[in-house]
Amino acid sequence: MSGMKRGPVALTAGAVLLGEAVGAVLLHLVLASVLSGQRMSLAGLDPDAMVIGTRAMGGVLGAYLALCGAVLLRAGVRRAAPGRWARVLLVTCAVTHGVLGAVAVGLVGWGAFAWLVGVMALVVLCLVAYGGDGVGGSYEEGAGRPAGEDGPAGRAPLAG
């Protein structure tokens, strides 16, 4: 995928993840307020601890999604592949969306599943689009070998 096409995809995915970060924080704040109004215990847990935990989880999830979105926005603006740790972060983001999509289809419905899988597809598309010129280098034949060397460590390749 050329640089002209992958920049807008990364910018779109970054903007979607930033919006999702805001939505996740707001959702957890609403859940915490509902939980606070109920004042019921779940398996003996302190209701105040559950409210604090819900708010904290919303903040952590929102920060994680915002960081992933910022990495994609930076890649889109610079039109350069994300670094090694940024790619690891984006892979975990894609896996998280896949797992949450699988859980959401049973708990929330197909609309939530479609949203989460769509965001996962955007993140994976960005990873694949920047795959050839990133940290791992190119997969073209002969890339990375000095002239005159046929195989690894200068040995001739195995026939077969």
VAL88 paired with LEU107, simple spin-label distance in nm, labels 7 Å along Cα-to-beta-carbon: 2.8 nm
Ratio of Rg to Rh over region 9-108 (Cα coordinates, Kirkwood Rh, two decimals): 1.09
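Values in this text are rule-based calculations from the coordinates and carry no lab data. For clarity, every value in this text was computed on a predicted model and none was experimentally measured. Please note: Cβ atoms are built from the backbone with ideal geometry, for glycine as well, and neighbour counts cover all protein chains shown.
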